[in-house]
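The values are calculated or read from the model by the stated rules, or taken from the named source; none is laboratory data. These figures come from a predicted structure and were not determined experimentally. Note that each Cβ is placed from the backbone with ideal geometry, even for glycine, and that neighbours are counted across all protein chains shown. All accessible areas refer to the heavy atoms of the entire protein, side chains included, with ligands and DNA or RNA removed. Shrake-Rupley method; radii C 1.70, N 1.55, O 1.52, S 1.80 Å.
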Amino acid sequence: KVTVLWSSANADGLTAAAKNHFLEGLLKSGAEINEICLNQKSLLSCRACGNGWGLCRANGSCVLRDDFSEIYQALMDSDGIVFVTAVYWHDMTEQMKIFLDRLRRCETAHNHFLADKRCFLIACAGGTGLGATQCLVQLEEVLRHMKMRAYDRLPVIRFNREYLLPALTAAGETYAQRLETGFDMQY
C-alpha cells in the first residue's frame, strides 16, 4: 500500500503530470494506492502551543482539529510514501510545509510510527527549475528528522519533463516492486 501525498495549486500542471506518471507505474505493479492532495485538505498551521510543545510532545497528537490526523493515519497504514510537491521559492509548497511541520513534531517527540519508511521524493519546478534540487534537500532533511528514508529523489523541471515524466512511470513501477521484495540499499 502506497500513499502519494502531493501538493500544487495547479491541478493540471507539471506537478500533477509527474504525480500521474508515478501513479501509472505504481498501478502497473499492482500497488494499492491512496492519493492525497494537500491543497484539497483543511490544514491549520502549528500554533506551538504549550510553551512550544503541546500534546505533540506529550502523547504524539495535535490539538488542532482539521484533516491532519486522517492524513497521518494514512501514512502510518502505508508501506511506502511518495511526496510530490511543486517548488515555490526553492522550497516545497506551503501546504506541504504546514503538514510536515506538524507531522515532525508528533513523530520526533513521541511516536516514531514512520521511522524507516521508504519514501520517494519528487520536486517539480517551473521557471528556471533552479529550486528543485534545493527543495528536495529540504524535504529529505525534514524526513530525516523523523528517521524516514528517501529511496530516491527526482527533480522535474520544464526542461527535463519530456524524458523525466516517462522515467517517473518506470520509477513508480520499480518503487512498488521494491516495497514488495525489499531494498538493497544499506544506510
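Listed values, structure above:
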{"quantity": "Check on Leu64, open to solvent by less than 70 Å² (accessible area, probe 1.4 Å), outside any helix (DSSP H, G or I), in contact with a Lys or Arg (Cβ under 8 Å, 6 or more places away or on another chain) and of a type in the set (A, V, I, L, M, F, W, C)", "calculated": "yes"}
{"quantity": "Lone qualifier among Thr133, Thr85 - being of a type in the set (Ser, Thr, Tyr) and in contact (Cβ under 8 Å) with a residue 24 or more places away in the chain", "calculated": "Thr85"}
{"quantity": "Pairs with Cβ under 8 Å, 6+ apart, first in the stretch 46-75 and under 18 Å from Phe113 (Cα atoms) and touching a residue at least 12 places away in the same chain (Cβ under 8 Å), second among the aromatic types (Phe, Trp, Tyr) and open to solvent by less than 70 Å² (accessible area, probe 1.4 Å)", "calculated": "Cys62/Phe68; Phe68/Phe99; Ile71/Phe99"}
{"quantity": "Residue in the stretch 43-66 that is closer than 27 Å to Leu154 by Cβ, within 20 Å of the chain's Cα centre (by Cα) and charged (D, E, K, R) present", "calculated": "no"}
{"quantity": "Qualifying position, being closer than 26 Å to Ala31 by Cα, in contact with a Cys (Cβ under 8 Å, 6 or more places away or on another chain), surrounded by fewer than 19 Cβ atoms within 10 Å (Cβ to Cβ) and hydrophobic (A, V, I, L, M, F, W, C), among Ala167, Ala150", "calculated": "Ala150"}
{"quantity": "Residue among Ala167, Ala86 that alone is farther than 23 Å from Ser42 by Cβ and modelled with pLDDT of 95 or more", "calculated": "Ala167"}
{"quantity": "The stretch 124-144, subset at pLDDT 95 or above and in contact with a helix residue (DSSP H, G or I) (Cβ under 7 Å, 6 or more places away or on another chain), residue farthest from Val2 (Cα to Cα)", "calculated": "Ala125"}
{"quantity": "Matching residues in the stretch 15-57 - criterion: being at pLDDT below 95, part of a helix (DSSP H, G or I) and open to solvent by less than 20 Å² (accessible area, probe 1.4 Å)", "calculated": "Cys56"}
